[in-house]
Amino acid sequence: MQKQSLNLAIFNYFIFDLDGVIYKGDQLIDGAVDTLNLLTRHNKTFLFVTNHTKYTKGKLVRKLRNLGVELTDRQLLTASDAAIDYIKKGKSYFRSIKVNLVGFGGIIEDFRSEGFELTNNRPDYVVIAWDPEVDYEKIYLATRNVREGAAFIVTSPDRYIPSERGFELGFGTLGASVAYATGKEPIYIGKPYPPMLKSAMTLMGAKREETVIVGDTPETDIKSQYLAGLGGSVLVLTGNTTEKDAMALSGDHVPSIVLSSIKEIQKYFSSYRFKGERLE
């Protein structure tokens, strides 16, 4: 099913969301590997992105490889990576950066491995990520630190994230409580906001107009096209969005193309003669 006309074969760079696009839970989505291999044969560059912070990049890379996806470490970017990149670019001093991190799992390991000091005592930054163990005290301390002048970062605006229970409260939902209590808007890092998209395009050496994003969630994946000025967007119906949902989209949630799955990308290359050419 197609909403607008866009020839995907002319794009040189592809950004893929993971859950709902490449896999669903622990199951590879049909046609995903064949599609990625096709892009490689046509000299296209692609990178995977995820707003989730539960897992380290290394663990996600291993998961993809176990599912049959060939990639290097530089072909995957998490919201944790993008947040670290954002903070380091703004660093103007040589001492250890102090971070009050409300998070769980991989992001804690990621921040520690990059040399950040994790503390609730007068941090430079408050960073809100996914945390199933969040409680009153964590939110209170984060709020107090933001009120006292710490920079306020939320890894992504997601209201919820998919899980075995149907959904879990997202990063944006947790961050909203601190924003409400302090009256301060956070800096959002993950999709659809520019920090993560800029990091992704830097990793690929991509130009915005040559890049298309493929995702299953209009308010994060598709909106990225508009906020980051990308050349196009593809909404697939193997994740969070149904065909009925797609037909009701409007404004900056409207994708360039709606496809039943990533497998349908292959049809755009069926009559495309590969000459090693790239979009100029």
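All but one of (1) closer than 20 Å to Asp158 by Cβ; (2) surrounded by 22 or more Cβ atoms within 10 Å (Cβ to Cβ) hold for Ile187, so report the exception by its number. Answer for Ile187: the failing condition is (2). Suppose the filter is at pLDDT 95 or above, among the polar types (S, T, N, Q) and farther than 29 Å from Leu169 by Cα; does Asn100 pass it? When the stated conditions are applied, Asn100 does not pass them. In region 155-184, of all residues being of a type in the set (Gly, Ala, Ser) and free of Cβ contacts under 8 Å to residues at least 40 places away in the same chain, the one that is surrounded by the most Cβ atoms within 10 Å (Cβ to Cβ) corresponds to Gly172.
One residue is enough: does region 86-94 have a residue meeting the conditions in contact with a Gly (Cβ under 7 Å, 6 or more places away or on another chain) and within 26 Å of Gly58 (Cα to Cα)?
If we filter region 86-94 for residues that are in contact with a Gly (Cβ under 7 Å, 6 or more places away or on another chain), which is where we start, we get none.
Taking every residue of region 86-94 in turn, none turns out to be in contact with a Gly (Cβ under 7 Å, 6 or more places away or on another chain) and within 26 Å of Gly58 (Cα to Cα).
Looking at region 141-239, the helices (runs of 4 or more DSSP H) lying wholly inside it that each contain 1 or more residues that are over 22 Å from Val127 (Cα atoms) and modelled with pLDDT of 95 or more sit at 194-204, 223-228.
In the set Thr35, Thr45, which member is closer than 25 Å to Ile189 by Cβ and assigned by TED's automatic domain parsing to the domain that holds Asp216? Talk me through it step by step, then tell me what you get.
Working: Thr35 fails: closer than 25 Å to Ile189 by Cβ.
Sole residue among the options that is closer than 25 Å to Ile189 by Cβ and assigned by TED's automatic domain parsing to the domain that holds Asp216: Thr45.
For Arg147, the conditions (1) free of Cβ contacts under 8 Å to residues at least 40 places away in the same chain; (2) in contact with a Leu (Cβ under 9 Å, 6 or more places away or on another chain); (3) of a type outside the set (A, V, I, L, M, F, W, C) are fulfilled apart from (2).
Contact map, region 187-201: first residue among the aromatic types (Phe, Trp, Tyr), second residue surrounded by fewer than 24 Cβ atoms within 10 Å (Cβ to Cβ) and at pLDDT below 95, Cβ cut-off under 6 Å, separation 6 or more or different chains; pairs are Tyr188/Pro157. Residues in region 193-219 that are within 14 Å of the chain's Cα centre (by Cα), within 27 Å of Asp245 (Cα to Cα) and buried (at least 20 other Cβ atoms within 10 Å of the Cβ): Tyr193, Met196, Leu197, Val212, Ile213, Val214, Gly215, Asp216, Thr217, Pro218.
Collect the residues in region 119-140 that are in contact with a His (Cβ under 8 Å, 6 or more places away or on another chain) and at pLDDT 95 or above, keeping them in residue-number order.
Residues of region 119-140 in contact with a His (Cβ under 8 Å, 6 or more places away or on another chain): 130.
None; the set is empty.
Every test in (1) assigned by TED's automatic domain parsing to the domain that holds Lys223; (2) more than 22 Å from the chain's Cα centre (by Cα); (3) of a type in the set (D, E, K, R) is passed by Glu148 save one, and that test is (1). For region 240-280, filtered to residues that are part of a loop (DSSP other than H, G, I, E, B) and among the aliphatic types (A, V, I, L, M), the residue that is modelled with the lowest pLDDT is Leu279. When region 59-93 is filtered for residues that are closer than 14 Å to Leu18 by Cα and under 15 Å from the mean Cα position of the chain (by Cα), the ones remaining, listed by number, are Leu60, Val61, Gln75, Leu76, Leu77, Thr78, Ala79.
The values are calculated or read from the model by the stated rules, or taken from the named source; none is laboratory data. This structure is a prediction, so every number in the text was calculated from the model and none was measured. In this analysis, Cβ positions are derived from the backbone assuming ideal geometry, glycine residues included, and neighbour counts consider all displayed protein chains.
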